[in-house]
Each structure stands twice: as C-alpha cells, then as structure tokens.
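Right, one structure below, let's go through it.
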Amino acid sequence: MPKLLLATSNPGKIREYRFLLDGLGYRITTLAEEGITKVVTESGNTYEQNARLKAITYAKLSQLTALADDSGLEVYALNGEPGVKSARFAGEVAIDAEKVSFLLAKLNGIPWKQRTACFKCVIAISTPGGRAKVCYGECHGMIALEVKGENGFGYDPIFFLTEIGKTMAELPLEMKNQISHRARASQKARQVLQQLHI
Ligand code: ITT
C-alpha cells in the first residue's frame with residue numbers, strides 16, 4: 001500500500017484526516033512517524049501559497065506523496081481577519097484558548113448579526129517530484145458570544161453553526177467531518193488521491 005504523508009504538526013488536523021481519508025488505499029503516516037522535524041515557515045500571503053509550500057517541501061524531503069492543509073477563520077467584522085494568520089493571531093506561541101479569548105475580546109460589543117464568519121481550508125497534494133494539486137472548502141457560521149464545547153481544536157468552541165444551533169466544538173468528530181471546511185476540501189482531495197495511484 002503506498003504511503004501518504006500528512007504534512008502537518010497540528011494534532012487536531014491529523015485526527016480529522018485519519019477519518020476523512022480513510023479507505024483510499026493509502027497507509028497514512030505523519031511527520032513524527034517519519035522522523036521529520038523541519039519546520040516550514042509559512043511565508044505566503046494566501047492559503048494556497050502556504051499549502052503548496054508545505055506539501056511540496058515535505059514531499060521532496062520524504063520522497064512520499066504529501067498532503068498539507070492551510071486553513072483559517074475569516075471574520076467579516078474584522079475585514080477577514082485572522083484569515084491566513086489564524087494560527088499566530090494572538091502571538092507565535094499562543095495556545096488555542098488564548099487565540100479564542102483574543103478573538104472574543106476583539107469582537108467585544110459587536111452585535112450578533114454582525115458576527116458572521118467563515119472557515120476556509122486549502123489542501124495541497126504533492127508528489128515527491130513537486131507536482132501539486134489544490135482543493136478548496138469552506139464552512140459558514142457566526143462567532144459565538146462565549147465558548148461552548150470540548151471537541152475539535154482551534155476556534156471550534158466559538159464557531160456557531162446557525163443551522164445546527166451548536167458550536168463546532170459541541171459536535172462529535174464524525175459530524176464535524178461531514179460539514180467542515182476540511183471535510184469539503186477532502187471530498188475533492190479524495191478524488192485527486194484516487195487518481196494518483198491508479
Ligand atoms: P500546520 O501548519 O502544521 O498544518 P497549523 O495549526 O499551524 O498547523 P495553519 O497554519 O493552517 O495550521 O493554521 C490554521 C489555524 O486556523 C489553526 O491553528 C486554527 O487556529 C485555525 N483552524 C483551522 N482549521 C480549524 C478548525 O477546523 N477548527 C478550528 N480552528 C481551525
């Protein structure tokens with residue numbers, strides 16, 4: 001079975017991709033399992049640039065097919081921030097709870113109707129030779145007034161899904177994996193991966 005390298009150091013993403021990419025005929029491996037410690041600086045201005053950079057770098061380094069994800073949360077009242085800077089919004093070493101508090105503080109006083117937001121995900125899949133394909137997904141919601149839920153990672157406890165009436169962190173993994181930005185991009189990524197090993 002060919003190996004597929006999940007080129008991310010985010011354990012939340014790894015958990016989701018193990019589920020989202022199941023049954024494709026790849027043996028999923030991680031940077032940690034391959035002993036890869038190199039950190040790629042996300043120097044791009046767009047999710048696509050960063051996703052490509054991560055996928056191509058780690059595919060060349062490992063000589064495996066690599067899948068990388070660059071994702072973020074865009075809040076309309078903040079003109080799309082934190083966006084591509086979502087991971088480092090509250091500082092280089094901020095933990096998830098600090099990022100969430102920082103964003104809630106920025107939105108202090110913003111009324112419910114103006115708290116619309118969107119999660120975006122761009123997946124890049126690269127061969128060891130450096131040929132990459134990208135897939136997009138998004139998921140719309142609102143920024144909640146307070147944190148709720150224990151599941152997921154990142155901004156999930158404040159991302160409120162209006163149709164479901166719950167935050168993303170209140171959903172079990174199987175349900176997040178049906179509706180999330182990452183789930184939507186993964187549906188397309190599955191087709192790319194299937195074609196790669198025909
Ligand atoms: P890698 O680069 O190693 O994959 P990262 O966490 O730095 O890990 P990104 O640069 O793509 O990944 O940053 C995306 C950030 O956006 C992530 O750290 C979260 O804070 C947030 N984010 C992305 N997807 C999310 C999700 O499904 N739920 C909650 N927050 C999410």
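Residues that are part of a helix (DSSP H, G or I) and either more than 14 Å from the chain's Cα centre (by Cα) or away from the ligand (no atom under 11 Å from the Cβ) (or both) within the stretch 38-57 comprise 48, 49, 52, 53, 56, 57, listed in sequence order. Select from the stretch 61-80 the residues that are out of contact with any Pro (no Cβ under 6 Å at 6 or more places or on another chain), in contact (Cβ under 8 Å) with a residue 12 or more places away in the chain and more than 8 Å from the ligand (Cβ to nearest atom) and list them in ascending order. Listed by number, the residues that qualify are 61, 62, 64, 65, 66, 67, 74, 75, 76, 77, 78. Between 66, 59, the distinction of being modelled with pLDDT of 95 or more, out of contact with any helix residue (DSSP H, G or I) (no Cβ under 7 Å at 6 or more places or on another chain) and hydrophobic (A, V, I, L, M, F, W, C) belongs to 59 only.
Each row is one residue, and each column tells you yes or no for (1) within 18 Å of residue 68 (Cβ to Cβ); (2) assigned to a helix (DSSP H, G or I); (3) within 17 Å of the chain's Cα centre (by Cα).
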{"residue": "121", "(1), (2), (3)": "yes, no, yes"}
{"residue": "125", "(1), (2), (3)": "yes, no, yes"}
{"residue": "130", "(1), (2), (3)": "yes, no, no"}
{"residue": "154", "(1), (2), (3)": "yes, no, yes"}
{"residue": "194", "(1), (2), (3)": "no, yes, no"}
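No other residue among 124, 189 is farther than 18 Å from residue 19 by Cβ, open to solvent by less than 70 Å² (accessible area, probe 1.4 Å) and either more than 10 Å from the ligand (Cβ to nearest atom) or among the aliphatic types (A, V, I, L, M) (or both) apart from 124. Quickly run through the stretch 70-112 and pick out the residues that are of a type in the set (Val, Ile, Thr), open to solvent by 20 Å² or more (accessible area, probe 1.4 Å), in contact with a strand residue (DSSP E or B) (Cβ under 9 Å, 6 or more places away or on another chain) and closer than 16 Å to residue 158 by Cβ. Within the stretch 70-112, 110 is the sole residue that qualifies.
The C-beta contact set for the stretch 1-17 (first residue part of a helix (DSSP H, G or I), second residue among the hydroxyl-bearing types (Ser, Thr, Tyr), distance under 7 angstrom, 6+ apart or interchain) comprises 14/8; 14/30. When 137, 152, 130, 165 are screened for being open to solvent by less than 30 Å² (accessible area, probe 1.4 Å) and more than 17 Å from residue 7 (Cα to Cα), only 137 passes.
Annotation: residue 185 fulfils all but one of (1) outside any helix (DSSP H, G or I); (2) touching a Ser or Thr at 6+ places or on another chain (Cβ under 9 Å); the unmet one is (1).
The values are calculated or read from the model by the stated rules, or taken from the named source; none is laboratory data. Here the structure is a predicted model, which is why all the values come from computation and not from measurement. So basically every Cβ, Gly included, is an ideal-geometry build from the backbone, and we count neighbours across all protein chains shown. Note: accessible area is taken over every heavy atom of the protein model, side chains too, but ligands, DNA and RNA are not part of it. Shrake-Rupley method; radii C 1.70, N 1.55, O 1.52, S 1.80 Å.
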